[in-house]
Amino acid sequence: MILFPAIDLKDGQCVRLKHGDMATATIYNDDPAAQAKAFEQQGFEWLHVVDLNGAFKGQSVNSAAVGAILKATKNPVQLGGGIRTLEQIEDWLDRGLARVILGTVAVRDPDLVKQACKAFPGKVAVGIDAKGGKVAVEGWAEASSLGVIELAKKFEGAGVAAIIYTDIDRDGVLTGINWDATIDLADAVSIPVIASGGLASIADIVRVTMPDAQKLEGAISGRALYDGRIDPAEALAILRGRPAVETRR
């Protein structure tokens, strides 16, 4: 079970949004590379990065910051936001990304996702961001008519490395993961699912270790880590199999 710390990039800085609204950005660090290194030193083994500007613009915008992150950390990095073509996917993988996350293009052009999975085995994840149970695209600015499970099933057997599922209504507001919808999705497909959006406390970390959540690959945490609501050492100890009570002092 992996806990992915999140770095969301806006104008070259680490920020967190509420409900995906760019106007609500809170800046947590103006040095993304230093933040990536700090997460590695805290014991995290993966890094989740989103180019927020890129997600809205449809092309990479914070590439310099992502490049600095890749140089600063030895941890594998997954990146989403504005990646829409096979050429962009190949370029990012050549630059050292462990995997790319395809969101809008998974709705607009699912065949491209399948092509990418064949060309880059194990390197392509799909980001499914939902509002009211329907998939949102273009940096969450537009709603589609697709249901979450309906979209996910399109990629069964295609070789997708993981699905990152985000409940937009919970993202950045510390109200807890939408466990029902996340676990329903994990039950519906054979693709590993990563929970995202709203992870708020150690209680959520404990929840991800429960039997019905064991099928998940992990969960993503952003604001709760930056605000100190989740202690990295305690969270990682729980996920590595030590009872929560043993990590408290």
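The values are calculated or read from the model by the stated rules, or taken from the named source; none is laboratory data. Since the structure is predicted, the reported quantities are computational estimates derived from the model, not experimental observations. Cβ sites come from the backbone with ideal geometry, for glycine too, and all protein chains shown count toward neighbours. Accessible surface is based on the protein model in full, side chains and every heavy atom, while ligands, DNA and RNA are left aside. Shrake-Rupley method; radii C 1.70, N 1.55, O 1.52, S 1.80 Å.
Taking the conditions exactly as written (among the small types (Gly, Ala, Ser), surrounded by 18 or more Cβ atoms within 10 Å (Cβ to Cβ), modelled with pLDDT under 90 and at positive phi), does Gly176 satisfy them or not? When the stated conditions are applied, Gly176 does not pass them. Checking the stated criteria, Gly12 turns out not to satisfy the condition of being free of Cβ contacts under 8 Å to residues at least 60 places away in the same chain, small (Gly, Ala, Ser) and either within 30 Å of Ala237 (Cα to Cα) or open to solvent by less than 20 Å² (accessible area, probe 1.4 Å) (or both).
The criterion of at least 2 residues that are modelled with pLDDT of 95 or more and either open to solvent by 10 Å² or more (accessible area, probe 1.4 Å) or of a type in the set (Asp, Glu) (or both) is met by the following helices (runs of 4 or more DSSP H) wholly inside segment 56-150: 63-72, 86-94, 110-119. Could you tell me whether any residue of segment 194-212 is of a type in the set (Gly, Ala, Ser), closer than 21 Å to Ala161 by Cβ and open to solvent by 30 Å² or more (accessible area, probe 1.4 Å)? The answer is no, given that none of the residues of segment 194-212 is of a type in the set (Gly, Ala, Ser), closer than 21 Å to Ala161 by Cβ and open to solvent by 30 Å² or more (accessible area, probe 1.4 Å).
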